[in-house]
Amino acid sequence: MKKYLYITIATGLAFVLAGVMAYQSRRITMLEKTVEETYRSALHQTAEEAADLALCLEKALITTDAAHTAQLLHHIGQTAGNVQQHLAYLPVSPQAMQPVLRFAGQLSANSEAWLEELVATGQLEDRTQLAQPLAVCSQLSSQLALAESTADLESLAITAELPQAATPQPRGLPQGEITQEEALDIARSLVGDSRVKAIQAAPGTSGSLAAYGVTVQTDDVQLNLEVTRQGGKLLWMMPETASFPITQSPHACQQAAVDFLALHGFGAVQPVYHQVYDGLYVVSLVPVQGDVLLYPDLLRVQVRMDTAEVVGLEAHNYWLNHVPRSLPAPTLSISAAQEHIADHAQVEDTRLCLIPQGDEEVLCYEVSVTHNGESYLIYIDAQSGREVELLKTITIDNGSLTA
């Protein structure tokens, strides 16, 4: 009797196990499909945005109306930022992606500078400077549209002839050159020796932030890094794949990012906003000098939400800009700065910050306000009282951002 009972139980367990395995297989298939659909959505959005950029640049090159030019430049800046964000999450090798990411960032910064010139002088002195980014955006749009039509994400290769924009020399890097072997040791230390299963050299990049490429294999994910030739500092790091399960809280992931930066010598930072993608907690953090936020030195950190381990960092701005500043004392008091805020807006908080304005940096009061249930950041020049910038804080399903 017991023998038959054991057979019955064993048979039942086999059916249960088969059912569980089938469920897990379906779940994995569904997750893979979700990730693929996410990539395709990002590719579709990027293709549309690249085409939109080309059209706006073409219009800005032709129009002579100041108001229309201002609208176009503002839109170009925002869209270039969106392109940079969406490209970062496509399954394309970092070596192929980095030049385009830098171009999108440069276009966003240039559009702000052009807009400031337009506001200050009433015109753009040389509109022909829009022709080169227009050519690149047109080529990028064609390549993205082709990749979308072929439905082959793996074959996407961005090979646009990019303009060699003048890049300022890095102010934050220590002096002295390192070797590729030293870069491997630095990468091992940054990732954590216990996590490293294999490590090897990879193609690097040249320019003012010349860096050695490094590939690190951990238990379950490959990390791609670049370590600067000058000074031996981590320039960027990103995982080859993501889609991590979410078991850690946003607070734990944010603290992990802060702790990682402190451990590796980045100093005091203040988290400002975050987003969640495929189980990655992506947080933007601003270095702090005294009580002043240094927005030109912005850092972005990626933390996997199953283990709260740091797997990504973007530190270009930090190494380009981060040095101790000789900051002037504000001419305006906090209360005087708040007098420049509309009466119908409710002031929530005010703090000092340094923000980039073209090639300069401006000490401002960052005034957090709410109006009709919406949140905004208003930047008031701490010397003149002029409103320098206005951003809206947007809460989305996967985090928060400003626009």
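Numbers at a glance
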| read-out | value |
| --- | --- |
| Tabulated pairs, segment 171-195, first closer than 18 Å to residue 315 by Cα, second of a type in the set (Phe, Trp, Tyr) and in a strand (DSSP E or B), C-beta under 7 angstrom, 6+ apart or interchain | 183/212 |
| Matching entry among 198, 187, 210, 252 (being of a type in the set (A, V, I, L, M) and assigned by TED's automatic domain parsing to the domain that holds residue 309) | 252 |
| Considering residues of segment 367-403 that are in contact with a Cys (Cβ under 9 Å, 6 or more places away or on another chain) and of a type in the set (D, E, K, R) only, the residue modelled with the highest pLDDT | 381 |
| Any hit, segment 272-282, residues being more than 16 Å from the chain's Cα centre (by Cα), under 23 Å from residue 85 (Cα atoms) and buried (at least 19 other Cβ atoms within 10 Å of the Cβ) | no |
| From the options 100, 83, residue that is surrounded by 17 or more Cβ atoms within 10 Å (Cβ to Cβ), modelled with pLDDT of 80 or more and under 30 Å from residue 216 (Cα atoms) | 83 |
| Segment 231-257 - residue that is small (Gly, Ala, Ser) and under 19 Å from the mean Cα position of the chain (by Cα) and, of those, farthest from residue 316 (Cα to Cα) | 243 |
| Qualifying residue in segment 120-136 (condition: surrounded by fewer than 19 Cβ atoms within 10 Å (Cβ to Cβ), at pLDDT below 75 and assigned to a helix (DSSP H, G or I)) | yes |
| Output for segment 56-70, where each listed residue is in a helix (DSSP H, G or I), surrounded by fewer than 19 Cβ atoms within 10 Å (Cβ to Cβ) and in contact with a helix residue (DSSP H, G or I) (Cβ under 9 Å, 6 or more places away or on another chain) | 58, 59, 61, 62, 66, 68, 70 |
| Which numbered condition residue 302 fails, given (1) of a type in the set (S, T, N, Q); (2) closer than 24 Å to residue 400 by Cβ; (3) surrounded by fewer than 19 Cβ atoms within 10 Å (Cβ to Cβ) | (3) |
| The one condition in (1) within 19 Å of the chain's Cα centre (by Cα); (2) under 30 Å from residue 364 (Cα atoms); (3) modelled with pLDDT of 95 or more that residue 303 fails to fulfil | (2) |
| Count - residues of segment 373-392 that are in a loop (DSSP other than H, G, I, E, B) and on the phi < 0 side of the Ramachandran plot | 4 |
| Hey, residue 214 crowded, with 16+ Cβ neighbours inside 10 Å and out of contact with any helix residue (DSSP H, G or I) (no Cβ under 7 Å at 6 or more places or on another chain) or not | no |
| Selection count where residues are under 30 Å from residue 101 (Cα atoms) and surrounded by fewer than 18 Cβ atoms within 10 Å (Cβ to Cβ), scope segment 308-351 | 3 |
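Listed here are the residues, each with its yes/no results for (1) hydrophobic (A, V, I, L, M, F, W, C); (2) outside the structural domain of residue 281 (by TED's automatic domain parsing); (3) touching a residue at least 24 places away in the same chain (Cβ under 8 Å).
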| site | (1), (2), (3) |
| --- | --- |
| 304 | no, no, yes |
| 310 | yes, no, yes |
| 314 | no, no, yes |
| 346 | no, yes, yes |
| 352 | yes, yes, yes |
| 355 | yes, yes, yes |
| 361 | no, yes, yes |
| 374 | no, yes, no |
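The values are calculated or read from the model by the stated rules, or taken from the named source; none is laboratory data. Quantities reported herein were computed from a predicted structural model and do not represent experimental measurements. Glycine gets a Cβ as well: all are built from the backbone with ideal geometry, and neighbour counts include every protein chain shown.
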